Amino acid sequence: MATTRIREGAHNLTDEQVSKFRDSYRQMQAITDNRGFGALAGLHGTPGNWCWHHEGNPEHNPGVRMQLFLPWHRAYLYTFEMSMRDRVTDVTLPWWDWTLRPPRQDGIPKIFSDRTVNGQANPLFSFHINLPNGPTPHDTRRRPGSTNRLPTQSKLDAIIGSTDWADFNFQLEDVHDDIHGWVGGDMGFVSTSAFDPIFWSHHCMIDRIWWLWQARNGNGNIPDNLLDVVLAPFNFTVRDVLNVNDLGYDYAANQTIIAIGG
Ligand SMILES: [Cu+2]
């Protein structure tokens, strides 16, 4: 088996890791076919509308209620990370830990908020949306709120402390929504959020929190009838994505912020 790739915190990357991360986005953003940033981002909202939020996917599954928020986004990040690695060997998707406060981090991490890097546009700051049937072409924008309105570590601890999978999922999805609103601009809309380069690291944090929860609770009481549901348009079932190691990745344990109980 190939070695496990390790996802790190965005606040904890070496300069070399930052430049690889940036380079992978720069290259993906220049690709206009299915492997490119625009096409992948367009699967989430406009024009693909495949994502699952709040038990629903109105475009492709009208009237169906299923809690696929966490597994669907895990399959989505996997697909995106594979595309990053097609461009830059050994790069992994880092998470944005929005619970960190100054001086460790002040809201949006600097690697995403710098407009330019070495005189070039920063591919982690904004993306120029321009794809067939996509949203009106524009550069993605943010309007972040004040740092003290971001969720705290203790709030996160309480969510991870819930032992019921459905309850955990609901609470985590609410916090996830709050972050979309806090970043504002394109991140505030399902239709455009995935075009903001920070979307992927926000969802990486959500995926990591699920992973932390799984370390305590196993797979929990996920309803059996969900396990064989295919996470379209990805070729994975819910069962396929329950164990991150099956997908070839893991989260850096030195950044585990929740003590894992015995
Ligand atoms: Cu989201």
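The values are calculated or read from the model by the stated rules, or taken from the named source; none is laboratory data. What you see is a predicted model, and the numbers here were worked out from it, not measured in a lab. When we count neighbours, we look across all protein chains shown, and the Cβ atoms used for this are built from the backbone with ideal geometry, even at glycine. For accessibility, only protein heavy atoms count, side chains too; no ligands or nucleic acids. Shrake-Rupley method; radii C 1.70, N 1.55, O 1.52, S 1.80 Å.
Brief remarks on what is shown
- Across segment 220-229, the qualifying residues are those that are assigned to a loop (DSSP other than H, G, I, E, B) and of a type outside the set (A, V, I, L, M, F, W, C), and the one among them that is nearest to Gly45 (Cα to Cα) is Asp228.
- The condition of being in contact with a helix residue (DSSP H, G or I) (Cβ under 7 Å, 6 or more places away or on another chain) and among the aromatic types (Phe, Trp, Tyr) holds for only one of Phe189, Phe125, that being Phe125.
- If you go through segment 230-262 and keep only what is part of a loop (DSSP other than H, G, I, E, B) and at pLDDT 80 or above, you end up with Leu231, Ala232, Pro233, Phe234, Asn235, Phe236, Val238, Leu242, Asn243, Gly248, Ala252.
- The single condition among (1) closer than 24 Å to Asp139 by Cβ; (2) open to solvent by less than 50 Å² (accessible area, probe 1.4 Å); (3) assigned to a loop (DSSP other than H, G, I, E, B) that Thr99 does not meet is (1).
- The single condition among (1) assigned to a helix (DSSP H, G or I); (2) within 12 Å of the ligand (Cβ to nearest atom) that Ala158 does not meet is (2).
- Only residues that are in a loop (DSSP other than H, G, I, E, B) and within 19 Å of Phe195 (Cβ to Cβ) were counted in segment 31-56, giving 14.
- Summed over segment 102-111, the residues that are crowded, with 19+ Cβ neighbours inside 10 Å and not in a loop (DSSP other than H, G, I, E, B) give a count of 1.
- Residues in segment 50-73 that are within 14 Å of the ligand (Cβ to nearest atom) and farther than 23 Å from Asn219 by Cβ: Trp50 alone.
- Test: residue in segment 126-141 that is more than 16 Å from the ligand (Cβ to nearest atom), of a type outside the set (Ser, Thr, Tyr) and either part of a helix (DSSP H, G or I) or open to solvent by less than 10 Å² (accessible area, probe 1.4 Å) (or both): yes
- Filter result (touching a helix residue (DSSP H, G or I) at 6+ places or on another chain (Cβ under 8 Å) and either part of a loop (DSSP other than H, G, I, E, B) or over 23 Å from Gly38 (Cα atoms) (or both)) within segment 166-181: Phe168, Asn169, Gln171, Leu172, Glu173, Val175
- Consider segment 182-193 and keep the residues that are assigned to a loop (DSSP other than H, G, I, E, B) and of a type in the set (A, V, I, L, M, F, W, C). The one that is farthest from the ligand (Cβ to nearest atom) is Phe189.
- Any hit, segment 222-232, residues being within 16 Å of the ligand (Cβ to nearest atom), open to solvent by less than 50 Å² (accessible area, probe 1.4 Å) and of a type outside the set (Asp, Glu): yes
- Just one of (1) within 12 Å of the ligand (Cβ to nearest atom); (2) open to solvent by 10 Å² or more (accessible area, probe 1.4 Å); (3) charged (D, E, K, R) fails for Asp196. It is (2).
- Cβ pairs under 7 Å, 6+ apart, first in segment 143-158 and open to solvent by less than 70 Å² (accessible area, probe 1.4 Å), second acidic (Asp, Glu): Thr147/Asp106; Pro151/Asp178
- Annotation for segment 166-175: no member residue is within 16 Å of the ligand (Cβ to nearest atom), closer than 21 Å to Leu124 by Cα and touching a residue at least 60 places away in the same chain (Cβ under 8 Å).
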